[in-house]
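These notes concern the structure reproduced below.
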Amino acid sequence: MPVSPAKDFLAGGFGGMCLVGAGHPLDTIKVRLQTQPIPKPGEQLLYKGTWDCALKTVRNEGFFGLYKGMAAPLIGVTPMFAVCFLGFGIGKKLQQTSPDQKLTAVQLFNAGMLSGVFTTAIMTPGERIKCLLQVQAAGTGPQVYKGPLDVVKVLYKEGGIRSIYKGTCATLLRDVPASGMYFMTYEWLKNVLSPPGKEGELSPVRTLVAGGTAGMFNWLVAIGPDVLKSRLQTAPEGKYPNGIRSVFVDIMRTEGPRALFKGVAPVMIRAFPANAACFLGYEVAIKFLNYIAPNL
C-alpha cells in the first residue's frame, strides 16, 4: 500500500490515545523517581524504587493518583501522535522515488527522526505541564497548580510563552534520535515477523510484539535525555541558567552518570504495553481507513 500521510495522521492520533491510556501510571512513577529531591545527610530517599513509589502513591492518593497529570497528554496526544505519524509518513515519502519503493533501515531511521522534529512544538508544553502536575502531586514540588489550564496560566504569567516551552532543546535531544530508533525498529520487526509471502501483514499478537519492542528500543535511546528534560522542566526559574547543559553538569557533579538512568525500570515496564497498544491502535485505524477511503 503506498504511503498516505493523511491516513498516518488520523491513525497516529488514535494510536496515541491508546498509548496514554495504557502507559500513564508508569509514566507518573518514572517522573516522580526522576525528580525526587536528593536526601540530606541522615535522610532516606522518598522512593526506594518503582514498586515503592507505586505503593506510596496509591496509599497516599488512591489508585487514581497514578493518573495525575493525564489530562495534558490526553488532550495533546491526538494531535501529537497524529503529527508524529504524519512526520514519519512525510519522511518516507520524501525519500521514495516511486510510491511502492521499499526503504532501507537508514532511510526509515531518517524518516523517524523527522517525526521527532514535527512533534516538538506540541510535545514540549504538554510534557512541561504533565511533569509539574506529577511532581506537585508527589509532594516534591510547590502546591500551586489546580490543573493543566492553571499550570498554563501560572507559567505564562511568570515568563510568557518562553516559560511554557521551557525544555524545547531537551525535548529535541530526546525525541529526534529516539523516534528514529522507534520507527526503524517497528518497520524492521514488521517485516521479520510477517508470515512468508505476506510481508508487512501482522496478526494482532505480532503487532503487539513489534510495537512493544519498538517502544523499548525507543526508550533505550531516550532515557538519559528524558532525565535531563524532566529535571529542567520541573526546576525553579533560574536554577539552571544554561538550560540542559547546566542540568547535565549538576547531575554529573552531585549524583554521577547513574542518575541519567533514574526511572529506567518503570520506563521499560511501561514501554512495552503502552507502545504495543499504540501500534495496534494505529494498525487497526489504518485498516479501517483503507477500507472506507482506499484512495485517501
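Among the candidates G211, G215, the residue that is open to solvent by less than 10 Å² (accessible area, probe 1.4 Å) and under 12 Å from the mean Cα position of the chain (by Cα) is uniquely G215.
How about region 248-276: which of its residues are part of a helix (DSSP H, G or I) and without any contact (Cβ under 8 Å) to a residue 40 or more places away in the chain?
First, pick out the residues of region 248-276 that are part of a helix (DSSP H, G or I): 248-254, 257-261, 264-276.
Correct list: F248, V249, D250, I251, M252, R253, P257, R258, A259, L260, F261.
Being crowded, with 20+ Cβ neighbours inside 10 Å, over 14 Å from the mean Cα position of the chain (by Cα), over 27 Å from L280 (Cα atoms) and free of Cβ contacts under 8 Å to residues at least 24 places away in the same chain is a description that does not apply to Y156.
From the list D52, D27, D100, D8, pick out the single residue that is under 22 Å from K146 (Cα atoms) and of a type in the set (D, E, K, R).
Details: D52 fails: under 22 Å from K146 (Cα atoms); D100 fails: under 22 Å from K146 (Cα atoms); D8 fails: under 22 Å from K146 (Cα atoms).
So the residue among D52, D27, D100, D8 that is under 22 Å from K146 (Cα atoms) and of a type in the set (D, E, K, R) is D27.
Which of the residues that make up region 29-48 are modelled with pLDDT under 85 and closer than 16 Å to R270 by Cβ? Correct list: K30, V31, Q34. Would you mind telling me which numbered condition in (1) in a loop (DSSP other than H, G, I, E, B); (2) closer than 23 Å to T234 by Cα A170 fails? Condition (1) is where A170 drops out.
So that you can scan it fast, the table gives a plain yes or no per residue for (1) closer than 16 Å to A222 by Cβ; (2) at pLDDT 90 or above; (3) buried (at least 21 other Cβ atoms within 10 Å of the Cβ); (4) of a type in the set (D, E, K, R):
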{"site": "L232", "(1), (2), (3), (4)": "yes, yes, yes, no"}
{"site": "G238", "(1), (2), (3), (4)": "no, no, no, no"}
{"site": "P241", "(1), (2), (3), (4)": "no, yes, no, no"}
{"site": "V249", "(1), (2), (3), (4)": "no, yes, no, no"}
{"site": "M252", "(1), (2), (3), (4)": "no, yes, no, no"}
{"site": "E255", "(1), (2), (3), (4)": "no, yes, no, yes"}
{"site": "A265", "(1), (2), (3), (4)": "yes, no, no, no"}
{"site": "F279", "(1), (2), (3), (4)": "no, yes, yes, no"}
{"site": "N295", "(1), (2), (3), (4)": "no, no, no, no"}
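Quick one: is L114 at pLDDT 90 or above and over 20 Å from the mean Cα position of the chain (by Cα)? Considered against the rule, which asks whether it is at pLDDT 90 or above and over 20 Å from the mean Cα position of the chain (by Cα), L114 comes out as no.
So is T120 under 18 Å from V221 (Cβ atoms) and in contact (Cβ under 8 Å) with a residue 12 or more places away in the chain or not? So that I can check it myself, show each step before the final result.
Values: under 18 Å from V221 (Cβ atoms): yes; in contact (Cβ under 8 Å) with a residue 12 or more places away in the chain: yes.
So T120 fits the description; yes.
Kindly indicate whether S194 is polar (S, T, N, Q), over 22 Å from F109 (Cβ atoms) and surrounded by 16 or more Cβ atoms within 10 Å (Cβ to Cβ). So S194 does not fit the description; no.
Quick one: is G141 open to solvent by less than 30 Å² (accessible area, probe 1.4 Å), outside any helix (DSSP H, G or I), within 25 Å of L33 (Cα to Cα) and at pLDDT below 95? For G141, the condition - open to solvent by less than 30 Å² (accessible area, probe 1.4 Å), outside any helix (DSSP H, G or I), within 25 Å of L33 (Cα to Cα) and at pLDDT below 95 - is met.
Quick one: which helices (runs of 4 or more DSSP H) sit completely within region 1-118 and have at least 1 residues that are open to solvent by 30 Å² or more (accessible area, probe 1.4 Å) and farther than 29 Å from A259 by Cα?
5-35, 71-95
If I ask for residues that are touching a helix residue (DSSP H, G or I) at 6+ places or on another chain (Cβ under 9 Å) and not in a helix (DSSP H, G or I), which ones from region 202-243 would you list? Give the derivation first.
From region 202-243, those touching a helix residue (DSSP H, G or I) at 6+ places or on another chain (Cβ under 9 Å) are 202, 204, 206-235, 237, 239-240, 242-243; that's our starting set.
Within region 202-243, L202, A235, E237, K239, Y240, N242, G243 qualify.
The values are calculated or read from the model by the stated rules, or taken from the named source; none is laboratory data. The model shown is predicted, which means the values in this text are computed figures rather than measured ones. All Cβ positions, glycine included, derive from the backbone under ideal geometry; neighbour counts span all protein chains shown. The protein model used for the area step is the full one, side chains on, heavy atoms only, and it has no ligands, DNA or RNA in it. Shrake-Rupley method; radii C 1.70, N 1.55, O 1.52, S 1.80 Å.
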